[in-house]
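Have a look at the structure below before the remarks.
The values are calculated or read from the model by the stated rules, or taken from the named source; none is laboratory data. Note that the coordinates shown come from a computational prediction; the quantities given were computed from them, not determined experimentally. Please note: Cβ atoms are built from the backbone with ideal geometry, for glycine as well, and neighbour counts cover all protein chains shown. Side chains included, ligands, DNA and RNA excluded: accessible areas come from the protein's heavy atoms. Shrake-Rupley method; radii C 1.70, N 1.55, O 1.52, S 1.80 Å.
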Amino acid sequence: MGTRAVCRDCYREVRWTVTDAGKRLAVDPEPDETGNTAAYRDGTGTFRSRRPTDELPVMAWEKLYVPHVATCPARQRKATQQRPAVLPPGVLDLTAYRRKAGGQS
C-alpha cells in the first residue's frame with residue numbers, strides 16, 4: 001500500500017500518501033492504532049490519507065497511521081535545538097511573523 005520511500009532526514013522507511021487537499025504526507029510504514037491519520041488505497045491505486053473526525057470516523061477499509069513528522073528523530077532534534085537568548089544587533093526575530101503568515105496563532 002502506498003509508495004514506500006526513505007526519509008531524507010533520518011533515512012527511515014516512510015509511506016507517501018495524498019491528503020484530501022492534494023498534498024503529499026509521509027506516514028510511518030506500518031499501521032498504528034495510536035495514529036491520527038486514516039489511510040486507504042483508492043480505486044486508482046493511490047494511497048490516500050485524511051484526518052478522522054467525529055462526523056467521519058475511521059471507516060472499515062481504512063487503517064490508522066502516524067505521520068512521520070511526529071516520529072522522525074532528525075526533526076525532533078531540530079525542534080529541540082535552542083535559539084540564542086539574545087539575537088545579535090541588527091538581526092530581527094521573525095518567529096511571530098512566520099506564525100501569523102503560516103496561519104498559526
Which pairs turn up if I take residues in region 47-61 that are among the basic types (K, R) and look for partners that are open to solvent by 60 Å² or more (accessible area, probe 1.4 Å) with beta carbon separation below 7 Å, at least 6 apart in sequence or on another chain? R50/D20; R51/N36
Output the residue which, of all residues in region 20-38 that are over 16 Å from R4 (Cα atoms) and in contact (Cβ under 8 Å) with a residue 12 or more places away in the chain, is surrounded by the fewest Cβ atoms within 10 Å (Cβ to Cβ). T34
Can you tell me which residue among R51, R4, R41 is closer than 28 Å to T95 by Cβ and either surrounded by fewer than 15 Cβ atoms within 10 Å (Cβ to Cβ) or in contact with an Asp or Glu (Cβ under 6 Å, 6 or more places away or on another chain) (or both)? R51
Collect the residues in region 62-105 that are over 16 Å from the mean Cα position of the chain (by Cα), among the small types (G, A, S) and either assigned to a loop (DSSP other than H, G, I, E, B) or at pLDDT 80 or above (or both), keeping them in residue-number order. A85, G90, G103, S105
